[in-house]
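Here's the structure, in structure tokens; my notes come after.
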Amino acid sequence: MEYLEEIPPAKLEVLEDHSREVLGRNDSPDVGFTWSVNPYRGCLHACAYCYARPYHEYLGFGAGTDFETKLVVKPRAAELLREAFERKSWKGESVAFSGVTDCYQPLEASLRLTRACLEVCAEYRNPVGIITKGPLIERDLDVLQTLAEHARLTVCITLPFHDEHVARAMEPYVASPRRRLLTIERLASTGIDVGVAVAPIIPGLNDEDMVRVLTAAREAGATRAFSTLLRLPGPVQAVFEQRLRDKLPLRAERVLHRIRETRGGELNDSRFKVRMRGEGLYADTIHRLFATTARRLGFKTSMSLEGGGESESTFRRPMKAGTQLSFF
């Protein structure tokens, strides 16, 4: 398939989640959205640094290989989303795809759950924000263009690495950086508002890639950019360190030392307002370089997936068949 460079050689177990809700509310002040839809839990991309790994433990699985091979799907996601949009309490706020998974991971190629949800959003003209590493998003250009025309749509492609060898070590089953740049170019060429997320920045590993990533993304047509510093909550620390030592052994100690420089001597700091940015001279240097480069290239810098802040929502409930308009 054109959109998938290779099929990961993993033995998958796909489980169904029959929850009665699909909209999740985010209360964190560090995240750029309030509402999200996660058609999947777990992710075949297998990124060593993924902050969402601990959520798999809430489902009774492990945060390591289980996160990558025991994938949970919501087969009624689109139906549940339509039900949510029909409630009087829903005011047409922007919906992010997704919070704790990649909505365009390889499984989406066959299950099409994300596409079905986006079709519901288009039907109701509900604003949408998408963040993904998956070129599979190109398959749904028709739905995305409808959303962009009649509602509000923002798309952000996550691209933390420029070096393809390092990218393959840390995110083994994600499309290459070069392929993701092509996705940015294809989306931008159709007029879709597309940004780049240089996230996570891993001190001592890909901070040196940052300028090249931003430059290449701008040349491809991205107009917005944001970054976050690596965070390693709970069991993610062990997964990340093991992968780093296995795949990049000569760089491992330097990277871990640099991470600790940005986290007060630890590998993680879970405090709100700090966990996405880090602290200290090295963290400040990274953020200054990002800000200076983004400004020079003409990027808008915001991690919000909720559009441009327009006050009036585009949301409209479609007229049901047989309904007559009343003029009195």
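Just so it is clear, none of the values below were taken in a lab; they were calculated from the coordinates. Source: prediction; values computed, not measured. Note: ideal-geometry Cβ built from the backbone for every residue, glycine included; neighbour counts use all protein chains shown.
Quick notes on this structure:
- Close amide H contacts of ILE131 (hydrogens built in the peptide plane, cut-off under 5 Å, sequence separation of 5 or more or a different chain): PHE97, SER98, CYS156.
- If R0 is taken as 35 Å, the Cβ-Cβ distance between HIS150 and GLU266 corresponds to a FRET efficiency of 0.15.
- Relative contact order for the chain, counting Cα pairs under 8 Å that sit 6 or more residues apart, in percent: 20 percent
- Estimated distance in nm for a label pair at GLU312 and GLU21, the labels positioned 7 Å out from Cα along Cα-to-Cβ: 3.1 nm
- Principal-axis analysis of the Cα atoms of the chain puts helix 236-247 at an angle of about 60° to the longest axis.
- Put a dot 7 Å past the Cα of HIS287, heading toward its Cβ, do the same for VAL31, and the two dots end up 2.1 nm apart.
- Dipole orientation for the chain: of the candidates VAL14, LEU232, GLY134, LEU232 has the Cα lying most toward the positive pole (charges on Cβ; Lys, Arg +1; Asp, Glu -1).
- Over segment 14-301, the Kirkwood radius and the radius of gyration, each from Cα atoms, give a ratio Rg/Rh of 0.95.
- A crude spin-label estimate for the pair TYR58 and LYS300, with each label 7 Å from Cα along the Cβ direction, gives 3.1 nm.
- Over the chain, DSSP H runs of length four or greater, each weighted -39,500 (n - 2.57), average out per residue to a 222 nm ellipticity of -10000 deg cm²/dmol.
- Using a Förster distance of 51 Å, the FRET efficiency for GLU253-LEU12 (Cβ separation, nearest 0.05): 0.90
- Restriction of the trypsin sites (Lys or Arg not before Pro) in segment 17-50 to DSSP coil positions whose beta-carbon has at most 11 other beta-carbons within 10 angstrom yields ARG20.
- Using θ = phi - 60° and Karplus 6.51 cos²θ - 1.76 cosθ + 1.60, couplings along segment 228-235 (whole Hz; Gly, Pro as x): 9, 7, 3, 10, 10, x, x, x
- Cβ-to-Cβ counts within 10 Å put ARG224, ARG263, ARG53 in ascending order as ARG224, ARG263, ARG53, the fewest first.
- If you count Lys pairs in the chain whose Cα atoms are under 27 Å apart, skipping same-chain pairs closer than 8 places in sequence, the total is 16.
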